[in-house]
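The values are calculated or read from the model by the stated rules, or taken from the named source; none is laboratory data. Source: prediction; values computed, not measured. Neighbour counts run over all protein chains shown; Cβ positions are idealised from the backbone, glycine included.
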Amino acid sequence: MEIQLTVAGALQQSTPVTLSEREVAIMRLVADGASNREIGVQLGLSEPRIKQHIADIFAKLGANDCAHAVALAIRSGLLRSSQIYSHHRLAQVLARSGANATGS
């Protein structure tokens with residue numbers, strides 16, 4: 001599942017952006033304040049893979065850093081405060097859904 005949204009990028013132009021389900025999960029954890037290492041542990045991915053996902057998200061959103069990416073995601077409606085998981089809650093959600101925590 002992919003999520004499409006419109007965000008104002010670096011040039012202040014509205015551009016449609018598509019984030020994968022994995023990228024949305026990563027953004028939720030970034031918004032929750034998790035480190036790259038913690039995100040990797042939660043999702044069963046290596047820290048370098050998480051860094052690559054985050055770089056891809058920044059590029060898609062036109063973000064300069066994590067705070068900017070989170071702000072753009074909230075403004076666009078991609079993230080709401082009720083969707084930002086605590087680390088423990090995400091583990092429960094993934095366990096219940098049987099989500100595959102490996103891969104891209």
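Things worth noting here:
- Selection within region 21-38 - farther than 15 Å from A73 by Cβ and free of Cβ contacts under 8 Å to residues at least 40 places away in the same chain: S35, N36, R37
- Number of the condition not met by D65 [criteria: (1) free of Cβ contacts under 8 Å to residues at least 12 places away in the same chain; (2) touching an Asp or Glu at 6+ places or on another chain (Cβ under 6 Å)]: (2)
- Residues (surrounded by fewer than 20 Cβ atoms within 10 Å (Cβ to Cβ) and farther than 19 Å from A67 by Cβ) located in region 38-54: V41, G44, S46, E47, P48, R49, Q52
- Members of region 56-104 found to be part of a loop (DSSP other than H, G, I, E, B), modelled with pLDDT under 80 and not small (G, A, S), listed by number: L78, L79, R80, I84, Y85, N100, T102
- Flag for I50 being within 14 Å of L19 (Cα to Cα), part of a helix (DSSP H, G or I), at pLDDT 95 or above and touching a helix residue (DSSP H, G or I) at 6+ places or on another chain (Cβ under 8 Å): no
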